[in-house]
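Visitor: Mind looking over this structure? Questions follow.
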Amino acid sequence: MIRVQTLDRKIWRKDLLLVHLHNCHLKNTDAVIDFVPEGSCAEMLGLYRLLDEFCATTGYEKNRITIKTANMLEHHAEYVINKQPEYWYEINSIQTWLQGKNLTITYTPTKHFVNFISRSNWYRLWVATILDKYCKDKTIQTYHYDPNKQNYNANGYIGLDDLIKYKCDIVADAAEFIETCPRTLDIEFLQDLNNCKDSIYQHENSYYPIQHPSNLNLLQYYNDIFVDIVCEPNISGNCFLVTEKLWRCIVARRPFVVVSNADYLKNLRRLGFKTFSPWWSEEYDMYGSQHRIKKIEKLIFDLSRLTLNELECILKEMNEVLDHNFNTFKGLTVAKIGRNFIND
């Protein structure tokens with residue numbers, strides 16, 4: 001088995017994957033390609049094209065290759081696809097953390113948007129630049145790219161080159177934005193329990209709040225905002241993968257706009273969650289890639305024109321939906337995800 005790191009349309013260290021396949025062929029053993037803990041669309045990664053060429057060249061049988069993935073929509077007629085809903089590991093971790101916790105939820109936002117970004121990629125950079133350029137005073141935003149550190153990205157990928165490829169109209173602004181990074185929340189504030197708004201928050205490894213439980217430090221900021229712009233790991237092709245970025249927002253009882261693959265919201269509703277079409281257009285969910293970003297950009301502009309009083313009223317109107325999503329998350333299980341998607 002080989003664990004393969006991917007990012008939307010990119011396979012990192014493709015050379016190691018080819019070596020693994022070659023060794024499996026020489027040893028006459030089955031090949032397992034593991035995308036743990038995530039899983040981009042294999043077609044968009046170019047993986048099937050690579051495997052087709054390998055099998056055609058070597059005579060290796062396609063049904064001897066298994067792909068393990070957290071992408072609940074992955075499918076192929078010849079290669080074995082092993083969907084792994086348990087790779088959505090944050091669900092149980094956050095559910096356990098919630099036990100005995102009493103989160104204080106208020107509906108008096110002082111900002112319109114929040115956007116918490118750790119690793120950089122082209123569409124996260126595009127969205128972050130939109131918020132920074134047009135809605136800076138209405139946004140709480142982090143962006144952890146640091147040119148002086150690996151910063152959970154040993155491949156050194158930023159995404160600027162892909163912005164040109166996908167016809168981003170604010171590339172120069174994105175270049176200026178990335179030069180101001182990393183943008184982080186005050187590390188001392190996060191680690192100082194005396195200054196924390198709620199002592200239930202944990203403060204381990206706060207400087208890089210990407211993994212459980214430190215990612216839940218960010219919950220203390222949600223009472224200050226109206227909507228979370230959730231940038232998931234993928235945006236291209238046929239993929240459905242939900243991470244802690246959305247679960248955190250749901251736990252905080254806030255609405256969300258999701259930068260991810262087409263039909264993300266549609267698939268989320270299959271799991272019993274509700275979304276926000278009564279309050280704004282969710283047409284963007286029909287699109288992936290740069291087309292989705294342009295639709296979301298328009299939605300951001302529309303929401304930015306609302307007053308704080310209007311946002312407060314909308315949050316109160318949404319209360320039933322927000323509570324429903326919170327309770328649906330608390331009852332979500334790996335088995336339920338499997339029942340909805342494994343046999344597709």
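Visitor: Could you check how many residues of segment 2-28 are in contact with a helix residue (DSSP H, G or I) (Cβ under 8 Å, 6 or more places away or on another chain), at negative phi and outside any helix (DSSP H, G or I)?
Guide: Adding up the residues that qualify gives 6.
Visitor: Out of the residues in segment 29-54 meeting the condition of being outside any helix (DSSP H, G or I) and small (Gly, Ala, Ser), tell me which one is modelled with the lowest pLDDT.
Guide: Here the residue is 39.
Visitor: Here are 95, 141, 150: which of them is at pLDDT 90 or above and farther than 14 Å from residue 228 by Cα?
Guide: When all the criteria are applied, what remains is 95.
Visitor: Only one residue in 265, 216, 241 is at pLDDT 95 or above and either surrounded by 22 or more Cβ atoms within 10 Å (Cβ to Cβ) or outside the structural domain of residue 320 (by TED's automatic domain parsing) (or both). Which one?
Guide: Of 265, 216, 241, the one residue that is at pLDDT 95 or above and either surrounded by 22 or more Cβ atoms within 10 Å (Cβ to Cβ) or outside the structural domain of residue 320 (by TED's automatic domain parsing) (or both) is 241.
Visitor: I would also like to ask the following. Of these, 51, 98, 73, which one is aliphatic (A, V, I, L, M), without any contact (Cβ under 8 Å) to a residue 40 or more places away in the chain and in contact with a helix residue (DSSP H, G or I) (Cβ under 9 Å, 6 or more places away or on another chain)?
Guide: The match here is 51.
Visitor: Being in a helix (DSSP H, G or I), crowded, with 19+ Cβ neighbours inside 10 Å and modelled with pLDDT of 95 or more is true for just one of 315, 332. Which residue is that?
Guide: None of the others qualify; the one that does is 315.
Visitor: If residue 104 meets every condition in (1) modelled with pLDDT of 95 or more; (2) assigned by TED's automatic domain parsing to the domain that holds residue 250 apart from one, which number is that one?
Guide: The one condition residue 104 does not meet is (1).
Visitor: Let me ask something additional. Is it the case that some residue within segment 250-264 is among the aliphatic types (A, V, I, L, M), part of a helix (DSSP H, G or I) and in contact with a His (Cβ under 7 Å, 6 or more places away or on another chain)?
Guide: no
Visitor: Yes or no: segment 113-123 includes at least one residue that is assigned by TED's automatic domain parsing to the domain that holds residue 183 and of a type in the set (Val, Ile, Thr).
Guide: Initial filter on segment 113-123 (assigned by TED's automatic domain parsing to the domain that holds residue 183): 113-123.
After this cut, where a residue has to be of a type in the set (Val, Ile, Thr) as well, the list is 114, 117.
So far as segment 113-123 goes, yes, one or more of its residues are assigned by TED's automatic domain parsing to the domain that holds residue 183 and of a type in the set (Val, Ile, Thr).
Visitor: A further question on this structure: Might you let me know whether segment 103-113 holds any residue that is in contact (Cβ under 8 Å) with a residue 60 or more places away in the chain, hydrophobic (A, V, I, L, M, F, W, C) and in contact with a strand residue (DSSP E or B) (Cβ under 7 Å, 6 or more places away or on another chain)?
Guide: The answer is yes, given that some residue of segment 103-113 is in contact (Cβ under 8 Å) with a residue 60 or more places away in the chain, hydrophobic (A, V, I, L, M, F, W, C) and in contact with a strand residue (DSSP E or B) (Cβ under 7 Å, 6 or more places away or on another chain).
Visitor: Of everything in segment 90-139, what is of a type in the set (Val, Ile, Thr), surrounded by 16 or more Cβ atoms within 10 Å (Cβ to Cβ) and either more than 17 Å from residue 259 (Cα to Cα) or more than 22 Å from the chain's Cα centre (by Cα) (or both)? Give them in sequence order. Lay out the reasoning, then the answer.
Guide: Filtering segment 90-139 for residues of a type in the set (Val, Ile, Thr) gives 91, 94, 96, 104-106, 108, 110, 114, 117, 127, 129-130, 139.
Subsequent filtering for residues that are surrounded by 16 or more Cβ atoms within 10 Å (Cβ to Cβ) retains 91, 94, 105, 114, 117, 127, 129-130, 139.
Of everything in segment 90-139, those that are of a type in the set (Val, Ile, Thr), surrounded by 16 or more Cβ atoms within 10 Å (Cβ to Cβ) and either more than 17 Å from residue 259 (Cα to Cα) or more than 22 Å from the chain's Cα centre (by Cα) (or both) turn out to be 91, 94, 105.
Visitor: If I filter segment 193-203 for residues that are among the β-branched types (Val, Ile, Thr), assigned to a helix (DSSP H, G or I) and at pLDDT below 95, do I get at least one hit?
Guide: Checked against the condition, which is being among the β-branched types (Val, Ile, Thr), assigned to a helix (DSSP H, G or I) and at pLDDT below 95, segment 193-203 yields no hits at all.
Visitor: Got at least one residue in segment 32-40 being buried (at least 16 other Cβ atoms within 10 Å of the Cβ), farther than 26 Å from residue 335 by Cα and in contact (Cβ under 8 Å) with a residue 12 or more places away in the chain?
Guide: Within segment 32-40, none of the residues are buried (at least 16 other Cβ atoms within 10 Å of the Cβ), farther than 26 Å from residue 335 by Cα and in contact (Cβ under 8 Å) with a residue 12 or more places away in the chain.
The values are calculated or read from the model by the stated rules, or taken from the named source; none is laboratory data. All values derive from a computational prediction rather than experimental measurement. For neighbour counting, all protein chains shown are included, and Cβ atoms are generated from backbone atoms with ideal geometry for every residue, glycine included.
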